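Here is the structure we will look at.
Readers should treat all values here as calculations from the given coordinates under stated rules, not as data from a laboratory. The shown structure was predicted, so the numbers you read here are calculated from the model rather than taken from an experiment. Positions of Cβ are generated from backbone atoms using ideal geometry, with glycine treated the same way; all protein chains shown enter the neighbour counts.
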Amino acid sequence: MKFAAPAMRSQKTGSIINIGSVAGHRAGYSGSLIYAVAKAAIIHLTRCAAMELGEDGVRVNSISPGGIATGIFAKSIGMGNEEAETTTEKVKEALAKIQAIPRAGLTDDIASAALYLASDEAGFVNGEDMVIDGGLIWGRRHSDVTRGGSTWSQLFD
């Protein structure tokens with residue numbers, strides 16, 4: 001942003017897209033306090049920059065991914081890059097079980113959001129953080145809450 005914003009301002013057009021995270025919205029989505037706070041700061045930086053740069057025709061938005069099926073989870077527990085990338089199928093299976101949309105997020109989901117935000121179709125979108133997480137941050141899956149084996153029903157057994 002530091003280097004692109006001046007050029008975009010002088011052209012009176014542009015789109016900046018920052019990458020946040022669901023960990024910047026809700027506690028408990030990262031094992032790292034520093035990561036979560038940094039992502040929250042990116043989301044707020046996006047909004048502040050949108051207000052300043054919007055006057056010059058530059059839009060600033062962010063994308064906050066949830067769990068995306070990559071090797072990042074394995075890397076976070078110390079696996080090497082090559083080995084971590086082989087875990088993607090296991091990650092897909094796990095992520096599909098924890099969010100309302102019963103599939104893992106894919107890198108293409110994030111790319112599609114970025115393409116939209118960069119496009120003319122998003123010409124009036126400014127200062128937004130687009131959460132791409134299959135509904136993860138909004139709570140537990142309905143089926144997990146209502147099935148007989150839920151935590152609440154176990155209290156009364």
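Note on segment 4-155: Cα-only Rg and Dmax are 18.1, 63 Å. Roughly speaking, what is the stretch gain from residue 52 to residue 33, that is 0.36 nm per residue apart minus the C-alpha to C-alpha distance, in nm to one decimal? Gain on extension, residue 52 to residue 33, equals 4.0 nm.
Taking a spot 7 Å from the Cα of residue 100 along the direction of its beta carbon, which residues of segment 27-68 have an amide N less than 17 Å from it? Under 17 Å, as judged by backbone N against the label point of residue 100, lie 64-67 of segment 27-68.
Adding -39500 (n - 2.57) for every DSSP H run of four residues or longer, then dividing by how many residues the chain holds, sets the calculated 222 nm ellipticity at -12000 deg cm²/dmol. For the pair residue 77 and residue 45, a Förster radius of 22 Å applied to the C-beta separation gives a FRET efficiency near 0.15, rounded to the nearest 0.05. Projecting the Cα atoms of 50, 31, 88 onto the charge dipole of segment 31-110 (Cβ charges, centred on the Cα centre) puts 31 farthest toward the positive pole. Basic side chains Lys and Arg get +1 at the Cβ, acidic Asp and Glu get -1 at the Cβ, and with that the dipole of segment 4-155 about its Cα centre reaches some 500 debye.
When the chain is described by a simple charge dipole with +1 on each Lys and Arg Cβ and -1 on each Asp and Glu Cβ, the residue from 102, 62, 145 located farthest towards its positive end is 145.
In summary, the helical segments of the chain meeting the span-like criteria, namely a full DSSP H run, a Cα extent along the axis of 20 angstrom or more and a mean Kyte-Doolittle hydropathy of at least -1.0, are 33-53. Cβ crowding within 10 Å, taken as a proxy for footprinting-reagent exposure, orders 87, 13 from fewest neighbours to most as 13, 87. Over the chain, Cα pairs under 8 Å with separation of 6+ residues give a relative contact order of 26 percent.
A simple spin-label model places pseudo-atoms 7 Å from Cα toward Cβ; at residue 108 and residue 4 they are separated by 2.4 nm.
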